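What follows draws every value from the coordinates through simple rules; no lab data is involved. If you're wondering where the values come from, they're calculated on a predicted model, not measured in any experiment. All Cβ positions, glycine included, derive from the backbone under ideal geometry; neighbour counts span all protein chains shown.
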Ligand SMILES: [Zn+2]
């Protein structure tokens, strides 16, 4: 039986027998803890500014206004932030990661604890990356063929096999609201032949994922996203988008970007793919980027984003602000009484000075990283909220002229570049 072979071999937490999974479902999934909101996955465009869309995404755990930024909680938590802080910052939709959760927890334990929402204490919508990017970045990658991918676990050295069916089943079982298919994500540079082969396999897997997604009846009212690959070859990207657009996915992800390419090349890929995807379904750009990257993709009609940049940069002392990047460890902030960003309404900016954060970072005090992360994640969420308002007002062009020069690394003020 194929599904049995899909389990994690050598793991202490294997997939339970199918019968056990099914009997556990009614109490262990979406209706756990009274958190099920009853909505079905859906998407509606509310208004437009050029190609950009203001949208409303409905999920089993509530609605999300798009364009939206999904903070990345790889293991179920954004590094350094409690779910309370995330909620207060305005996060609606969290991105989690199958690869890491499968490796470290396993579906059985999560299901036994009431499903993913219950386990991580998040009542709102949850999305999950299938982990293709992580798997194909692994040194211990052992085999990739049409059946799936086998790799050596970086966690405990065991042999792990992922197949498209297994990836979909895992996400269904633990109750995510927006699931991703398994894809083959080649690095860059890659030759055309290899890119075409990865694309062929990704789209083969996409069909098998859809078959599996509906196999148990109602697929949890959640949404399944196909992932467009094709590297940085325009004809491959367009062929991939056209092929997947003909399949009944609930949403479409643009994968295979931010894999080592020049920024301009990544933007080109988005400009090829986004307009080629079905207009009535959400589009998600995987793993990007700076505020400027987000603006660029939004203006091409992308609706969902996730990126570790705000949280990772925060831990390194690089803070976003409406007037440019603040590298808080620099000596110039030692006696600076201003908040990180005077225009920011986050609790960190309301309460603390740059001088205090500088002091915490210089002393290696963990609170410095926590506060910096809270600010940066809030900055991204506020940036997206401002983008949504601009789309509603038909004012994206004004937004680009007034806001973009000041944010992100490219908008770093002259004084900061020294
Ligand atoms: Zn702030």
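Computed values, structure above
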quantity	calculated
At R0 = 51 Å, FRET efficiency that the Cβ-Cβ distance of residue 362 and residue 211 yields, to 0.05	0.35
Likely footprinting exposure, 254, 366, fewest C-beta neighbours within 10 Å first	366, 254
Shape call, segment 344-389: gyration tensor on alpha carbons, a/c limit 1.5	prolate
Among 302, 257, 326, residue whose mean-square fluctuation peaks in a GNM of the chain (springs only between Cα atoms under 10 Å)	326
Relative compactness, the chain, computed as alpha-carbon Rg over 2.2 N^0.38 Å	0.97
For 92, 389, order by how many other beta-carbon atoms lie within 10 Å, fewest first	389, 92
Residue order, fewest to most beta carbons within 10 Å, for 120, 110	120, 110
Inter-centroid distance (Cα atoms) of segment 236-303 relative to segment 315-353, Å	32 Å
Selected from 382, 156, 243 as most flexible by GNM, with the chain as the system and alpha-carbon contacts under 10 Å	156
Helix 234-245 axis, angle to the chain major axis (alpha carbon atoms, nearest 10°)	60 degrees
Antiparallel DSSP beta bridges within the chain, as percent of all bridges there, nearest 5	50 percent
Rel. contact order, % - alpha carbon contacts under 8 angstrom, at least six apart, the chain	16 percent
